[in-house]
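Comments concern the structure below.
No value in this document is a laboratory result; all are computed from the given coordinates. Just so you know, these numbers come straight off a predicted model, no measurement behind them. Cβ placement follows ideal geometry from the backbone for every residue including glycine, while neighbour counts extend to all protein chains displayed.
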Amino acid sequence: MTTPVGPYTPLVRAGNTLYVSGQLGLSDGELVDGIDAQTRQAVANLGALLEAEGASLSNIVKTTVLLDSIDDYAAMNTAYTESLGDHRPARAAFAVDALPLGGLVEIEAIAVVD
């Protein structure tokens, strides 16, 4: 699990809903290399936070994907899809001016648990 890069809580539970703050492709405090690897690591980081609350990626109902460049959309989409398997939560994806630590992708999620 990664340490937050700002003054926020990585995951907040409100009833049966989990709000997971945006996750970068960080492993051991360092960005992994490339959009594919960063997307897969960001999803893995989401999964680790959810598992700590007794949930999993299959509990995600909505994600928001922030990209440093919209040109990375296709590569991100492939890695994202492979990382989530057959699970297809609702999703928004858009490009932003820049991401923390020079990241190429950041993914946040909302999950619901029983």
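Name all residues of region 58-88 having a backbone nitrogen under 16 Å from the label point set 7 Å from the Cα of PHE94 along its Cα→Cβ direction, giving them as ranges. Hits in region 58-88 for PHE94 at 16 Å: 63-71, 73. Helix 73-84 and the longest principal axis of the Cα set of the chain meet at an angle near 30°. The label-point distance for GLU82 and VAL113, in a model that sets each label 7 Å from Cα toward Cβ, rounds to 3.0 nm.
Each of LYS62 and ALA74 was given a label point 7 Å from its Cα along the Cα-to-Cβ line. The distance between the two points is 3.0 nm.
Here's the picture: a label point sits 7 Å out from the Cα of TYR8 along the beta-carbon direction, and within region 51-78 the residues with their amide nitrogen under 15 Å of it are 63-68.
Full extension of the chain between LEU101 and SER27 gives 25.4 nm of extra length, using 0.36 nm per residue less the Cα-Cα distance.
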